[in-house]
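A.B. asks: Quick one: structure below, then a few questions.
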Amino acid sequence: EMCIRDRRERGLTIDLGFYKFETKKYFFTLIDAPGHRDFVKNMITGASQADVALLVVSAREGEFEAGISPAGQTREHAFLAKTMGIDQLIVTINKMDTVNYSKERYEEVKNQLSRLLRIVGYKVDEIPFIPTSGWEGVNLTKRTPDKTPWYDGPCLLEAFDTLKEPPRPIDKPLRIPIQDVYSIKGVG
């Protein structure tokens with residue numbers, strides 16, 4: 001609730017939010033990590049706990065370009081995710097409603113992002129790039145061919161089921177992210 005209230009008041013995510021959902025194949029815990037540069041520490045905490053990543057980029061003119069610029073957050077998050085050992089990625093090219101579901105804009109964003117992700121070390125041919133509109137619910141839980149007739153890939157929910165369960169490093173040392181430290185006085 002605090003995360004949602006912060007987001008509504010400030011227009012951005014600050015704290016990590018944890019949400020559970022199921023697909024036909026898997027049970028997921030979604031870690032909603034902040035994208036804003038002021039809260040990169042929180043994003044790293046979330047990424048350190050993740051097996052896979054959902055990278056949401058904007059199709060809106062200027063917003064995408066700012067994200068992949070040298071100081072951009074899309075660029076930083078892609079590098080951080082790979083550094084944290086996240087090898088599987090799903091990309092949604094969101095806000096497609098703001099560009100009238102333009103196939104040309106989708107291709108432009110996909111191509112530029114593919115170059116960046118290849119540099120970071122991802123196998124781009126294994127990544128689904130899904131054109132979405134969170135505002136209009138396009139290609140999220142079901143395919144929306146009336147809005148994106150040129151797209152024949154999976155919707156976001158279907159893409160989650162294409163992920164492979166990562167191997168568990170049970171032969172390696174235990175790794176636990178520490179979020180906060182409390183000092184309780186007078187307890188011994």
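The values are calculated or read from the model by the stated rules, or taken from the named source; none is laboratory data. Note that the structure is predicted; figures quoted are calculated from it, not measured. Don't worry about glycine lacking a Cβ; one is built from the backbone with ideal geometry, like all the others, and counts go over all protein chains shown. Side chains are part of the model used for accessible areas, which takes the heavy atoms of the whole protein and leaves out ligands, DNA and RNA. Shrake-Rupley method; radii C 1.70, N 1.55, O 1.52, S 1.80 Å.
A.B. asks: Test LYS172 against the stated conditions and say whether it is open to solvent by 40 Å² or more (accessible area, probe 1.4 Å) and in contact (Cβ under 8 Å) with a residue 24 or more places away in the chain.
C.D. replies: Numbers: open to solvent by 40 Å² or more (accessible area, probe 1.4 Å): yes; in contact (Cβ under 8 Å) with a residue 24 or more places away in the chain: no.
So LYS172 does not fit the description; no.
Let's see how each residue does on (1) open to solvent by less than 30 Å² (accessible area, probe 1.4 Å); (2) modelled with pLDDT under 90; (3) under 24 Å from GLN73 (Cβ atoms); (4) touching a strand residue (DSSP E or B) at 6+ places or on another chain (Cβ under 6 Å):
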{"position": "GLU107", "(1), (2), (3), (4)": "no, no, yes, no"}
{"position": "ASN111", "(1), (2), (3), (4)": "no, no, yes, no"}
{"position": "PRO131", "(1), (2), (3), (4)": "yes, no, yes, yes"}
{"position": "LYS147", "(1), (2), (3), (4)": "no, no, no, yes"}
{"position": "GLU158", "(1), (2), (3), (4)": "no, no, no, no"}
{"position": "ASP161", "(1), (2), (3), (4)": "no, no, no, no"}
{"position": "ARG168", "(1), (2), (3), (4)": "no, yes, no, no"}
{"position": "TYR182", "(1), (2), (3), (4)": "no, yes, no, no"}
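A.B. asks: Next question. Taking region 70-89, which residues are free of Cβ contacts under 8 Å to residues at least 60 places away in the same chain and open to solvent by 40 Å² or more (accessible area, probe 1.4 Å)? Full working, then the answer.
C.D. replies: Here is the first cut: in region 70-89, the ones free of Cβ contacts under 8 Å to residues at least 60 places away in the same chain are 70-86, 89.
Within region 70-89, PRO70, ALA71, ARG75, GLU76, PHE79, LYS82, THR83, MET84, GLY85 meet the criteria.
A.B. asks: Here's another thing I want to ask about it. On the given criteria, is THR92 touching a residue at least 60 places away in the same chain (Cβ under 8 Å) and touching a strand residue (DSSP E or B) at 6+ places or on another chain (Cβ under 8 Å)?
C.D. replies: Here the answer is yes, as THR92 does meet what is asked.
A.B. asks: Sticking with this one: May I ask you to list the residues in region 83-115 that are assigned to a loop (DSSP other than H, G, I, E, B) and under 25 Å from ASP161 (Cβ atoms)? Can you show your working first?
C.D. replies: Going residue by residue through region 83-115, those that are assigned to a loop (DSSP other than H, G, I, E, B) are 84-87, 95, 100-102.
Within region 83-115, MET84, GLY85, ILE86, ASP87, LYS95, TYR101 meet the criteria.
A.B. asks: Regarding region 37-53, can at least one residue be identified that is modelled with pLDDT under 90, open to solvent by 30 Å² or more (accessible area, probe 1.4 Å) and touching a helix residue (DSSP H, G or I) at 6+ places or on another chain (Cβ under 7 Å)?
C.D. replies: yes
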